[in-house]
Amino acid sequence: MEKEYFAHETAVIEEGCKIGRGSKIWHFSHIMPNCVIGENCNIGQNVVVSPGVVLGNNVKIQNNVSLYTGVICEDDVFLGPSMVFTNVVNPRSALVRRGEYVETVVKRGASIGANATIVCGHNIGEFAFIGAGAVVTKEVLPYALVLGNPARHVGWMSEYGHRLHFNNEGFAVCSESHEKYMLKDNRVRKI
């Protein structure tokens, strides 16, 4: 049976992983056993996908990213170059903590910028936008824009990745899609 995905000849793909139709795996990437990669994903150079990681459809992973056991990315997630996930709260070289991996979920449509760090156990909401170099140490709300170290909530983003500017009544319009959003009780939703 012919595979329905592309893998560069230097990529290592171990037994027991599931890779969806139309996905592409580039140079020197390592796909470990028992992970799931959805359809139409793009996995850049030098990416490691550890056992048990789950990627939804249309996930884009740029070069030099490691997705450790415990990471789940829903559909349409973007992971920028060299961003980092952790999976143990208190790692020590002399102590084996394989049974203590902490799950991190990146919800649908979220983007994580280059060189950002996501400390395990802190989920990223739908369509959230994590700025380059940010260090996430707490939950990120849907549509939130967070920047800095530690990452701080500084605004809101549209599903098209544009900053939202809310009027006095709590309404905003995306500059590209012209979709409307409402801010109420520190939560954003598309209307």
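The values are calculated or read from the model by the stated rules, or taken from the named source; none is laboratory data. Everything numeric in this text was worked out from a predicted model, so none of it was measured. Heads up, the Cβs are rebuilt from the backbone with ideal geometry, glycines too, and the neighbour counts pull from every protein chain shown.
Restricting to region 6-30, name every residue that is within 19 Å of Glu74 (Cα to Cα) and either assigned to a loop (DSSP other than H, G, I, E, B) or touching a residue at least 24 places away in the same chain (Cβ under 8 Å) (or both).
Cys17, Gly20, Arg21, Gly22, Ser23
What are the residue pairs meeting all of these: first residue in region 33-47, first residue among the charged types (D, E, K, R), second residue in a loop (DSSP other than H, G, I, E, B) and modelled with pLDDT of 95 or more, Cβ atoms under 6 Å, and 6 or more apart or on different chains?
What qualifies is Glu39/Gly20; Glu39/Arg21; Glu39/Gly22; Glu39/Asn57.
Find all pairs meeting these conditions: Cβ atoms under 6 angstrom apart; at least six residues apart or on different chains; first residue within region 147-160 and farther than 11 Å from Cys174 by Cα; second residue exposed (fewer than 12 other Cβ atoms within 10 Å of the Cβ).
none
All but one of (1) in contact (Cβ under 8 Å) with a residue 24 or more places away in the chain; (2) touching a Leu at 6+ places or on another chain (Cβ under 6 Å); (3) within 28 Å of Val54 (Cβ to Cβ) hold for Tyr181; state the number of the condition that does not hold.
With (1) in contact (Cβ under 8 Å) with a residue 24 or more places away in the chain; (2) touching a Leu at 6+ places or on another chain (Cβ under 6 Å); (3) within 28 Å of Val54 (Cβ to Cβ) applied to Tyr181, the lone miss is (3).
Taking strands (runs of 3 or more DSSP E) that fall entirely within region 75-181, which contain at least 3 residues that are more than 15 Å from the chain's Cα centre (by Cα) and among the hydrophobic types (A, V, I, L, M, F, W, C)?
Numbers: elements: 104-106, 144-147, 152-157, 171-173.
By residue number, 152-157, 171-173.
Say we look at region 6-24 and pick out the residues that are of a type in the set (Val, Ile, Thr) and out of contact with any Lys or Arg (no Cβ under 8 Å at 6 or more places or on another chain); which of these is nearest to Val36 (Cα to Cα)?
That would be Ile13.
Please go through region 113-134 and pick out each residue that is surrounded by fewer than 23 Cβ atoms within 10 Å (Cβ to Cβ), aliphatic (A, V, I, L, M) and over 16 Å from Pro81 (Cβ atoms).
Listed by number, the list holds a single entry, Val119.
Taking region 135-191 as the search range and keeping residues that are among the polar types (S, T, N, Q) and closer than 26 Å to Val119 by Cα, which one is surrounded by the most Cβ atoms within 10 Å (Cβ to Cβ)?
From region 135-191, those among the polar types (S, T, N, Q) are 137, 149, 158, 167-168, 175, 177, 186; that's our starting set.
Those left that are additionally closer than 26 Å to Val119 by Cα: 137, 149, 158, 186.
Details: Thr137: 13, Asn149: 12, Ser158: 23, Asn186: 9.
So the residue we want is Ser158.
Let's see how each residue does on (1) in contact with a helix residue (DSSP H, G or I) (Cβ under 9 Å, 6 or more places away or on another chain); (2) crowded, with 19+ Cβ neighbours inside 10 Å; (3) closer than 18 Å to Ala128 by Cβ:
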| position | (1), (2), (3) |
| --- | --- |
| Ile43 | no, yes, no |
| Leu55 | no, yes, yes |
| Val59 | no, yes, yes |
| Arg108 | no, no, yes |
